[in-house]
Structure formats: structure tokens, C-alpha cells
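What follows is a set of notes on a single structure, which appears directly below.
The values are calculated or read from the model by the stated rules, or taken from the named source; none is laboratory data. The model shown is predicted, which means the values in this text are computed figures rather than measured ones. FYI the Cβ positions are ideal-geometry reconstructions off the backbone, even for glycines, and counts take in every protein chain you see.
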Amino acid sequence: MLKKSLLALCLSAAVTCTAQAAAVSDEVIQSSFFPYMNGMPSYPGLSAGMTINQSNVDQFKEVLDPGLYMFIKDGATEIKVGETTDFGLHQSYIDATRQYSGDVSLGDGYGELSKTVAGRPFPQEPSMDDPRAGEKLAWNYKYGYNWGDSATISPFYWTMRDMGSGKMERTIKFNFNFLNFTHRTQQAPFPEVTPNPSELFRGIYVKVLEPFDVKNTQLLIHRFEDDTKVDNAYLYLGFQRRVRRLSSGQTTDAFLGTDVMIEDFEGYNGRISDMKWVYKGTRNMLMPFYNHNDMVLDSETHQDEDGYQVVAFSGKGGCFPNITWQLRKVYEVESIPQDENHPISKRTHFMDAQTFTIPRTVVYDRKGDMWKNWIIGQAHPDHHLPVNKGTGVSIDDAFSMIDIQAQHCTTGQFKGIVDPERSPVDIFTVQNMRASGN
Amino acid sequence: MSKTITTTSTRLAVAVSAALSTGLGSSAVAAAETTWAGFVENATYHRKDVGISKFRNTGQAEFETKFDSDSFRSLRLNGVLRGTYDGVYDLNDGEFGKDAQQDYLGADWHSSDLSSPTILSAGVPFPCDNDPTLCGNLDGYMDQDENDAKFPDFNDRLDFIRELYLSADKELSNGDVLSFRLGKQQVVWGKTDLFRVLDVINPVDYSRHNIYDELEDIRIPQWMLTAEWRMGPNQVLDDSNLSLVWNFDKFRPSNLGTCGQSYKMLDAGCFFSSRLGPWPIIHDVEEPEWSLANTQLGAKWEGVYGDATFSVNALTYRQQLPSLHFRYNPAFNPANPVAPGNTPFLEDGVFDIEFPRVNLLGGAIDYYSMDMDAVWRVELAYTEGEELPRDLDGHKETDMLRYVIGLDKNLVIPQLGTSSAFLISGQLFGEHILDHEADMPNDEDNWIATGLFKGWYMNNRLSPQIIAAHDFAAEATVLAPSVSWTPDNHWMFNLGLNVKFGGDQKFPWSVAGGAPVYEPLARFTNGPIGVANQEDEIQFTIRYSF
């Protein structure tokens, strides 16, 4: 508690604290947050505006992850290449990294980290010689600027599709809210919301709006600063009108029948300590980053007074977002469940080096066969809704989780809004779930 | 998909908006958005050796209007409208309805014995269609006629308006939230399935399908005002909330089902419409009139502390199940209480029905065990003022202790062909009668165990489950396997079985010379599972949601 108080004081008296914490060098900061300052990556034959399809995919195999390569090779989809663009995070997050990450260190065990305040814990380049490099990258993701300090996805359309027939089986309409209780840099209060007796790190609140049979279903996840502690998860079922606690078994379950586990949210939504993290290398790869307003959008699924439209889908079964992909610096990291009863054997994550989002993940089943492919399209905040401009948040904007074995997918169409007014602290409470249900 | 109507044209919404604007002075209130959703449904059940036992057709519409308000952070009007027609009374009128006369009392759940028909006559089906005297005696409770049973939502209590309430959230300067909800509503306490321990604010309509329908569909909504002070986290608790509920509706007991209906919990409806010799068993129903003193009031404090969520509950309410009292002796002379035959009550086996005042104190806690990766639930309710039936002395007021221990576990079982986790849930309900008497048909301690095993296949569109419950005192068991298929956003099909065993307990009735007999008191011993032991059914439901 004493250390926590000192750290809180640090944020309000930055000059004093700068002398106590080893500041991160400008070179490291520049390299970590501005990987393209010295030029954009390139690959022979690859240029913006071109299309990669069955006929030329082998030429670009090195810059495609194995899942995407397979889909293009099989003719399930083709992708358009866009210009590589800078997705600069908010300056407050960069400043916090500079100020507080100099003396962050891993503990002895998985999921243990010295006390951090805010910012990217390990901005240094990972090294293949570092046996715990993967774990450090996982921490960078966990304490990343993913949705900023808080954000809303409202509405959020999840559609379950038969990949073979293209039939849309069910569409679930959600609202999602995210809030960081700690590690806050841009939205007051800094660096944490108080009181916070259980030392929560993050809250995720989900409410189902449609269809009728699951309407008013609500999910609340509380993640703790202490990564060794299992999330508290609560479920409100509309027809029961009461809040139930969830056991963690349900976080690896098909969420409301979709192809997505709760553990898959945002790329990975579990404890660092649940996985063994292995850094596999740094690559330039084609990743789903784009300007939302420049895409061909879906004019049917969603209309509103803002004139906002969601990303359209096409390809086999309608499982692939109509977006452009750009060549970006990526860290390849494997996460291997510590629990032998976990339904997967490993995930291969492709973490974007600049934003530390996880736009691509390939999931393998217990036998080691490729099972699912997870695409999370990232939209630049300055080319999205006006409210998002200048937030420095890489906006999750479209997703597809494709179950290769079942030939089935769940697609997601977002309206992401970075606005603290929409995610007040009290909606991340059990009481709010009960009060918001009918 | 529900329909979103961005409009101010909904008359009710406009009226509410205008009323709120008036009430709030210069504060602006405008109806901004109304969403509608609902379903139509047919539930057809077939009972072994009886035929169709339910042909229920339901239409339900739900709306929500959100208002833009300068004064409240959230202001909305919700409503649920429901209309039901149960065609069983037209399709199987030999078994159910006003002409479905039983051979003897309890013919639906036991063989004939000494007590039936020689002492008590068979119940009269729908007495208000057949017997004006019985109908008059039952005035106010269990007095539906056949038409009421066919169209149970259309009555003088306007049950077709299932819910209609206005909710408002006001944020205080310190970040706390005050919340109010006024109107016809359900208020749910507790955390149990199938049986209720703390969830007793709303009475229940068991005539719809005994204990087996979702409580959301069978709670009888009441006109209530709820107020909540949502305090959020503090230095100790992660969340805390204090709520008050005032049920100012005219008291309404639970509906056990009138004689002649297909679901009559404890067969009480037929017992109440039977006769002892020439005299109706029920002389009068003393249903509390509306008065401020007869309203019901509750308070709950709940919170989250670490891995535990808890609540402390207090409620003063009316017993929702009938208590049978010896009827008052109109010739009683209090000036001469020792005179032979001069007793305040006539102990002649003819009863008045009363609904005594009950005070409840209880609480609930659930706790996530990391080691077990499972959730424990415990719920407790202590009441004073409840009345239970007796053989020799009519009834007795007694304190009661009810509790439940539950365990929920989600488990992936790959051998069953799905990567989705199965929900495994067990509950043990206990009931302890603190002032138990030997002539009570209820055991001093009894337990009911329930189990649920539910799985999901085909992206949750196919969901098999089995529910089991066992009443230890009744030695009665129910098994209810079912499978639900939801092919898309609109259609849902459910096929199920509901099979019971046991329910053969007898009670040594003093009127029968102490011989163990079924009627009338063994119905309490056998409980809702045992008394329904002849109600094995195959059940099919089809629903279209919009």
C-alpha cells in the first residue's frame, strides 16, 4: 500500500519521481512507438493497391501468416494491399512508458511483475536470447493501449455463418464497454480509479440487445492487477433475472454459441499466468490495418443518425472482412496453455509492434491441428468516427473467427467509440447488471 | 430481430413524457426511442393415459422507451404484454374443464382409499361453473371459471399487462446512483432454481405448469415501488447497494390451480372444492383487503467482497399459500367460555382460508472457489408467522428455516462430442419447522435435491439438458430431459419429457381413526412432485420470436 501511494504521488509530482524511476531512453521509446520513422517496410513485388489471390499468393507467403496463406491459396478469399500507415498511440501513454517503465521487471514465476504504474512495461526490442521475451511481450499486450482507458462498442453485430453454404444462422447484437481501473494515462482520473479495494485492473461489460432468446444477457469480467488471481466473471441471464457467478470453465467455452471464447476477446483475454509465452521472432507481415472511412462498407446491417456504416464481409461464406491489409512489423508469439485440459494446444499470435494489438491469431486444437483463425481488423482513429480522432486508439473495427474444422465462422461488425462518458465506472458493477436487466 | 422505432408517436410514451415534463417543472423530457420485441408460442403437452394436457398459445410483446432527460441519467418505460389461450379445455374436455368430474378426491394422483370417497367427496371442477355455493365460498381465491383458465391473462387484475414500469437513475454528486422503479413488475431476490427461498416477493402462478416453467413466466407481477441506492465500491467492498421495495398492490396469493385445470399443485383446487358430507370444505376465503397496513415492504443490502457476493434481506409480507383455519363460531359467547360447545371456532372440518402476515430475515452468498473452479451458493431464510396444517388442531403458526446449498460447475467433456462446457448444477433445499407438532403432515426436516446437466452443440443452437429433483420426505422424483433447437434468430423448438416417480406417502388421519390414508393431509407430505405422480408427459413447444 505504501508503494502504491508513492506511485500515485509520482504521477502528480512527475519531476520528483523522474529522479527515482529509471527513465526509458528516447532511443528505445522512438524504436518502440515509431517503428516506421525511418521508412516503411517493403517486400519484393508487393505494392499498395494490388490484390493477392490464388494466382500470386505463393510469391508473398513469407509475409502472410499460415492461416491467411491457406485461405488465399484455397480461394476462400483474396486480399487488397494498402499503404503502411503510422498508428501512433496517444502521447500520454508514450510519456507514461518513458517515465515508469525503466525499472519494470518480471518476477520469478509466470504472471509475476514488479509494480507498474502505466505505459508499456517492456518497450525494449525482444531478443531471441531472452527466454522470457514472450512473456514480456504478453505483458506489453496486457498493459497496452488497446482501447485506451475506456471505450464502447455500440452496437456490435456478431453473425454466425455456415462457411460452406454462406447461410447466416444467427446475428447477436451487443453493446461492449471496456474500462481500465488502473494504468490510466489519458482519461481522468490518473493513474487509477479509486476506491478500488480488490485492485481491479480492467472491466469488460457486455450486454445483448438482440435476438429475443438471449436479450438482456449480460457478462461482466473483472480482471485483477494480481495476474495470478482468476478473473471474477458474472453472467446475468435475462430469463432468470439474476446474476450468476461464472466458473472459469466458461471462459474457454463458445460464447453464446459463437466461434469465439471469452478468452479470445481482443486477441487474448486471460491471465498471463494461464499460458507459457514463447517469442518466435520479429517479421514484417500483412496485417489488417486500414482507414475505416476509405473502405467499401455494409449499408444494410446498421444505419444510424451519424451515418456510420460497419465493415462489409465477403469471401467464402461471407467470413472475410472487406478491408485492406498493410505490411507491418510484427512479433510472433506462441501461447501454450498451462492447463492440460484446455481445449486448445496453442495459439500463435501476431502482435503488431507499434500498437501491441493482436490482429491475427492462429489457434491449434489439442492434437496440434489448425483449428481457428482470428482476424481483428484495426482502423485508424483519425479516419473513423469524429469522436475517435486524436485518441490514439487503434480501433478494433471488424473481426472474423473462422473454425476451419467445422467450416463455420463468426464475424463481428463494430461501431467503436472512445468516449469516457459512455463507460462510467458504475456500469462495471454487479448491481448495474441486475438493474439493467428487465 | 426487435424493431427500433425512433419516434415520439407511441401514445403511452408521449403521455409519460408529458407527465414527466410536467412533474419535473422545466426539465425537458422527450421520448427518444422505442424498441419492440416478443414472440408467439404454442406449447402442446400430452399426458400418459390422459391425452392432451396443454395446448397453450401465447403471444407476448415487450417494449422499452428511453427518454432523453436533463434530470436523470437514465429514464425509461418498460412493458410486457401477454395473451394466452389454452385450448386443452376444448380439445380434451373429458379430462379437463368444467365437465371433468373425478370419481373421487385425489383420483389424479392416488388410488381410492378409506378417506375417499367415503369421507370427502370428489372436488367439483370449476365450481363457479357448476356449484354456486362452492363458488361463493371460494370467492376471491381459486374461483376461476373455465373461461378464466382458457384465457388466464384476461381478468379483472389485468394480467395481460404482465409488466409496466417506469425506471429512473439519478447520479449524485459523489458518483453514487439513486434508482427508482415504479409500476407493475417482478422483483427477484435470491439465487435458486426451481424452488424459492428468498425469491418470495411476487406470488407464483403454478397453474401454468406446476413448478417447471421459468419463474419469469409464472411470477405474478405486482404494482410496486423500488428504490435503490447504488453506492458502488468503497474501501472494503467492491460494490454495495441498498434497496427498498414497497409492494402496494392488493394482496394476491399464489395460484395453485382450480379443480378442473390440468395443473393443480398439491391437488389443492379439488380439495378446496370438495365436501365433508353436505358441507363444503371451504367456508370462506379471507383475502386481505387493500389497506396501507396490508401492503408489503422489503429491504436488501447487497455487495461484493472479493470472491464473494452477498445479500442481507428482510421482508414483511403475506403467506402466499393458503392457511386453513377452523371457521369462526358465530354462536360463540365470550362471556361464558367454559360452557360446553361454546368454542370460538367450529372444529367440524370446515375451514376458512387465510393468508397470515409473515416476517422474513435472510441472506444469500455465492463464492467462487479457485481451487474447485466452481461457484458455491448458499441462501437462507428465517420466517416468523407462517402457518402449517395440522390434523387435530387445524393449523399452527410456526417459525420456519429454509436454506439451499448449491454448486455450479462448468466442465468440458470432450467424450460427449462438443467443445462447449457442460453446466453441472446441484442444489439441496432444506426446510426446518421450528415448532413442529406430531400431527403435522410436513416432516420437521425435509430436503429436496435438484440437479441440472446442460450441454450445447451446433454453436449453441442445439441444447440437451436433464433436470432432476427428488423430495426426500415424499420419496418422489421427477426427471425432465429435453432438447432445444434454435435454428436461427426467430424459431425455437423444444421437445421434452417430464416423468415422475413416487408420491405414495400416506398420513394417519384422525378422522379416519388414525388409519394411514391419502386424503386430505398426505398431499402436503407428498409435495408438488409426489402429488403430480400421474402427470408423466411428453412436451413440445414451438416459438417464433420477433
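Is it the case, given these coordinates, that B:Asn241 is within 8 Å of chain A (Cβ to nearest Cβ), touching a Gly at 6+ places or on another chain (Cβ under 8 Å), of a type outside the set (Phe, Trp, Tyr) and at negative phi?
Details: within 8 Å of chain A (Cβ to nearest Cβ): yes; touching a Gly at 6+ places or on another chain (Cβ under 8 Å): yes; of a type outside the set (Phe, Trp, Tyr): yes; at negative phi: yes.
Yes: the conditions hold for B:Asn241.
Restricting the search to the stretch B:70-94, which residues are under 25 Å from the mean Cα position of the chain (by Cα) and assigned to a loop (DSSP other than H, G, I, E, B)?
Result: B:Gly87, single match.
Go through the stretch B:378-392 and count every residue that is at pLDDT below 95 and either surrounded by fewer than 16 Cβ atoms within 10 Å (Cβ to Cβ) or within 14 Å of chain A (Cβ to nearest Cβ) (or both).
Number satisfying all stated conditions: 1.
Any residue at all in the stretch B:282-300 that's within 14 Å of another protein chain (Cβ to nearest Cβ) and either in contact (Cβ under 8 Å) with a residue 60 or more places away in the chain or under 30 Å from B:Tyr368 (Cβ atoms) (or both)? If you could, list the steps in order and put the result at the bottom.
Kept after step one, since they are within 14 Å of another protein chain (Cβ to nearest Cβ), are these residues of the stretch B:282-300: B:300.
Next cut, either in contact (Cβ under 8 Å) with a residue 60 or more places away in the chain or under 30 Å from B:Tyr368 (Cβ atoms) (or both) only: B:300.
Looking for residues that are within 14 Å of another protein chain (Cβ to nearest Cβ) and either in contact (Cβ under 8 Å) with a residue 60 or more places away in the chain or under 30 Å from B:Tyr368 (Cβ atoms) (or both), one finds at least one in the stretch B:282-300, hence yes.
Conditions (1) acidic (Asp, Glu); (2) in a loop (DSSP other than H, G, I, E, B); (3) at pLDDT 95 or above, marked per residue:
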{"residue": "A:Asp95", "(1), (2), (3)": "yes, no, yes"}
{"residue": "A:Glu125", "(1), (2), (3)": "yes, yes, yes"}
{"residue": "A:Ala151", "(1), (2), (3)": "no, no, yes"}
{"residue": "A:Pro155", "(1), (2), (3)": "no, no, yes"}
{"residue": "A:Thr159", "(1), (2), (3)": "no, no, yes"}
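Could you name every one of the strands (runs of 3 or more DSSP E) located completely within the stretch B:457-546 that has at least 3 residues being crowded, with 18+ Cβ neighbours inside 10 Å?
Of the strands (runs of 3 or more DSSP E) lying wholly inside the stretch B:457-546, those with at least 3 residues that are crowded, with 18+ Cβ neighbours inside 10 Å span B:462-471, B:476-485, B:491-501, B:537-545.
Is it the case that the stretch B:117-129 has a residue that's within 24 Å of B:Glu519 (Cβ to Cβ), modelled with pLDDT of 95 or more and of a type in the set (Asp, Glu)?
Yes: one or more hits.
Just a yes or no: is a residue in the stretch A:231-251 at the interface with chain B (Cβ under 7 Å from one of its Cβ atoms), more than 16 Å from A:Glu199 (Cβ to Cβ) and in contact (Cβ under 8 Å) with a residue 60 or more places away in the chain?
yes
Just need a number here: residues in the stretch A:207-229 that are touching a Ser or Thr at 6+ places or on another chain (Cβ under 8 Å), under 30 Å from B:Gln60 (Cβ atoms) and not in a loop (DSSP other than H, G, I, E, B).
Selection size over the stretch A:207-229: 8.
Checking B:Ile211 against (1) of a type in the set (A, V, I, L, M); (2) in a strand (DSSP E or B); (3) within 23 Å of B:Leu321 (Cα to Cα), only one condition comes out false. Which one?
So B:Ile211 meets the others, but not (2).
Would you check if there is a residue in the stretch B:507-515 being within 26 Å of the chain's Cα centre (by Cα) and not basic (Lys, Arg)? It would help to see each step written out before you state the result.
Applying the first criterion (within 26 Å of the chain's Cα centre (by Cα)) to the stretch B:507-515 yields none.
No, there is no match, as no residue in the stretch B:507-515 is within 26 Å of the chain's Cα centre (by Cα) and not basic (Lys, Arg).
Residue check: is A:Phe356 closer than 26 Å to A:Arg132 by Cα, at pLDDT 95 or above and among the hydrophobic types (A, V, I, L, M, F, W, C)?
Spelling it out, A:Phe356 is indeed closer than 26 Å to A:Arg132 by Cα, at pLDDT 95 or above and among the hydrophobic types (A, V, I, L, M, F, W, C).
Go through (1) outside any loop (DSSP other than H, G, I, E, B); (2) more than 8 Å from every other protein chain (Cβ to nearest Cβ) one by one and return the number of the condition B:Glu228 breaks.
(2)
Test B:Thr486 against the criterion of being touching a Lys or Arg at 6+ places or on another chain (Cβ under 6 Å), touching a residue at least 24 places away in the same chain (Cβ under 8 Å) and over 30 Å from B:Ala381 (Cβ atoms), and give yes or no. If you could, list the steps in order and put the result at the bottom.
Values: touching a Lys or Arg at 6+ places or on another chain (Cβ under 6 Å): yes; touching a residue at least 24 places away in the same chain (Cβ under 8 Å): yes; over 30 Å from B:Ala381 (Cβ atoms): yes.
Judged against the criteria, B:Thr486 is a match.
Can you pull out every residue in the stretch B:357-391 that is in a loop (DSSP other than H, G, I, E, B) and over 29 Å from the mean Cα position of the chain (by Cα)?
The answer is B:Met370, B:Asp371, B:Met372, B:Asp373.
I'd like the residue in the stretch A:253-269 that is at the interface with chain B (Cβ under 7 Å from one of its Cβ atoms) and in a helix (DSSP H, G or I) and, out of all such residues, is farthest from A:Ile221 (Cα to Cα).
A:Gly257
Can you tell me which of (1) under 22 Å from A:Pro343 (Cα atoms); (2) within 9 Å of chain B (Cβ to nearest Cβ); (3) charged (D, E, K, R) is the one A:Glu169 doesn't meet?
(1)
I want to confirm something. Restricting to the stretch B:444-467 and keeping residues that are over 26 Å from the mean Cα position of the chain (by Cα) and not hydroxyl-bearing (Ser, Thr, Tyr), which single residue is nearest to the other protein chains (Cβ to nearest Cβ)?
Going residue by residue through the stretch B:444-467, those that are over 26 Å from the mean Cα position of the chain (by Cα) are B:455-462.
Narrowing further to those that are not hydroxyl-bearing (Ser, Thr, Tyr): B:455-456, B:458-462.
Numbers: B:Gly455: 11, B:Trp456: 6, B:Met458: 8, B:Asn459: 4, B:Asn460: 2, B:Arg461: 6, B:Leu462: 9 Å.
Going through the qualifying residues, I end up with B:Asn460.
Would you confirm whether any residue within the stretch B:365-374 is more than 14 Å from chain A (Cβ to nearest Cβ) and either touching a residue at least 12 places away in the same chain (Cβ under 8 Å) or basic (Lys, Arg) (or both)?
Checked against the condition, which is being more than 14 Å from chain A (Cβ to nearest Cβ) and either touching a residue at least 12 places away in the same chain (Cβ under 8 Å) or basic (Lys, Arg) (or both), the stretch B:365-374 yields no hits at all.
Inspect the stretch B:311-321 for any residue being more than 30 Å from B:Thr44 (Cβ to Cβ), over 25 Å from the mean Cα position of the chain (by Cα) and surrounded by 15 or more Cβ atoms within 10 Å (Cβ to Cβ) and give the result as yes or no.
No: zero hits.
Quick one: in the stretch A:175-192, of everything that is hydrophobic (A, V, I, L, M, F, W, C) and crowded, with 21+ Cβ neighbours inside 10 Å, which residue is farthest from A:Gly119 (Cα to Cα)?
Among those residues, the one meeting the criterion is A:Phe176.
Confirm whether A:Pro131 is more than 13 Å from every other protein chain (Cβ to nearest Cβ), part of a loop (DSSP other than H, G, I, E, B) and under 29 Å from A:Ala398 (Cβ atoms).
On the way: more than 13 Å from every other protein chain (Cβ to nearest Cβ): yes; part of a loop (DSSP other than H, G, I, E, B): yes; under 29 Å from A:Ala398 (Cβ atoms): no.
Criteria not met by A:Pro131.
Checking the condition at pLDDT 95 or above and over 26 Å from A:Asp294 (Cβ atoms), which residue from A:Glu83, A:Glu62, A:Glu78 passes?
Of the residues listed, the single one that is at pLDDT 95 or above and over 26 Å from A:Asp294 (Cβ atoms) is A:Glu62.
Could you identify the single residue in A:Arg283, A:Arg202 that is surrounded by 22 or more Cβ atoms within 10 Å (Cβ to Cβ) and either modelled with pLDDT of 90 or more or not in a loop (DSSP other than H, G, I, E, B) (or both)?
Just one listed residue meets the conditions, A:Arg202.
Do the conditions hold for A:Ile29, that is, is it within 20 Å of A:Gly144 (Cα to Cα) and surrounded by 13 or more Cβ atoms within 10 Å (Cβ to Cβ)?
yes
Which members of the stretch A:418-438 meet the condition of being at the interface with another protein chain (Cβ under 7 Å from one of its Cβ atoms), among the polar types (S, T, N, Q) and surrounded by fewer than 22 Cβ atoms within 10 Å (Cβ to Cβ)?
Passing the criteria: only A:Asn438.
Would the stretch B:398-421 turn up any residue that is within 14 Å of chain A (Cβ to nearest Cβ), hydrophobic (A, V, I, L, M, F, W, C), over 28 Å from A:Phe212 (Cα atoms) and assigned to a loop (DSSP other than H, G, I, E, B)?
Yes, that holds for at least one residue.
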